[in-house]
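> Have a look at this one before I ask anything.
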Amino acid sequence: QMQFGETSLPTGTMLRITSLLDGAVQHHKAETLRQWQNKSAWFNGSMVVVELVAEPNSPKANVSITSVAYFYNTGDERSICGPTDDRELSDVARCARAMPVGCTAWIIDDANHQFLTAGHCSDDGYFDINTVEFNVPLSSSSGAYMHPGPEDQYATDATSFQHGYSGVGDDWGY
């Protein structure tokens, strides 16, 4: 996932980000880049191509990449919580993976169509949930996370996150 710095995308320009591993592509115009809090989707592989695409006679545009984040999962933790691998495959459409922490989130049918998750998934403020991923593919054979295409990833509004965590029975995130 890339963090963009000072970037100007006037009308007629966009960013195109392509994974060299699987060809997944995300396009950003100024509005979508703001919605994504100046971040890209999560991509598979170790290389992406970032292109600044402009229509003929477009105003001057620029892009700045300030950091690149990766989530390295060794696959050692293969359980829901605890030492026993009690995970089961699921294709429930309302379930998502909250990134970068890797926790499960569920979209709920409240007035705001929010998500529920465990409060400890963002308890320390270091790992803010910035993306939710649907239609998550199986992990690699080594257990490393694989990400769905950008079309199945959605930016979150970190300022709306509410949570509580003081142990078993008080571990919620909304």
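> Taking every pair of alpha-carbon atoms in the chain, what share in percent sits in each 10 Å bin, from 0 to the bin with the longest distance?
Over the chain, the share of Cα pairs per 10 Å bin runs 9, 34, 34, 17, 5, 1 percent.
> On average, how much accessible surface per residue is there in the chain, in Å², for a 1.4 Å probe, leaving out ligands, DNA and RNA?
Counting only protein heavy atoms, the per-residue value for the chain is 62 Å².
> Here's a follow-up. When the Cα centres of the stretch 17-69 and the stretch 135-174 are compared, how far apart do they sit, in Å?
With the stretch 17-69 and the stretch 135-174 each reduced to a Cα centre, they are spaced 22 Å.
> In the neighborhood of Ala61, defined by Cβ-to-Cβ distances under 13 Å, what is the net charge if each Lys or Arg adds +1 and each Asp or Glu adds -1?
Surrounding charge for Ala61 is 0.
> Counting GluC sites (Glu not before Pro) as exposed when in a DSSP loop with at most 13 other beta carbons within 10 Å, what is the longest stretch of the chain free of them?
Of all site-free stretches, the longest is 89-174.
> Show that you can apply the helix-only estimate: for the chain, add -39,500 (n - 2.57) for every DSSP H stretch of four or more residues, divide by all residues, and state [θ] at 222 nm to the nearest 500.
Rounded to the nearest 500, it is -1000 deg cm²/dmol.
The values are calculated or read from the model by the stated rules, or taken from the named source; none is laboratory data. What you see is a predicted model, and the numbers here were worked out from it, not measured in a lab. With ideal geometry, Cβ positions are generated from the backbone for all residues, glycine too; neighbour counts draw on all protein chains shown. Just the protein is used for accessible areas: all its heavy atoms, side chains included, with ligands, DNA and RNA removed. Shrake-Rupley method; radii C 1.70, N 1.55, O 1.52, S 1.80 Å.
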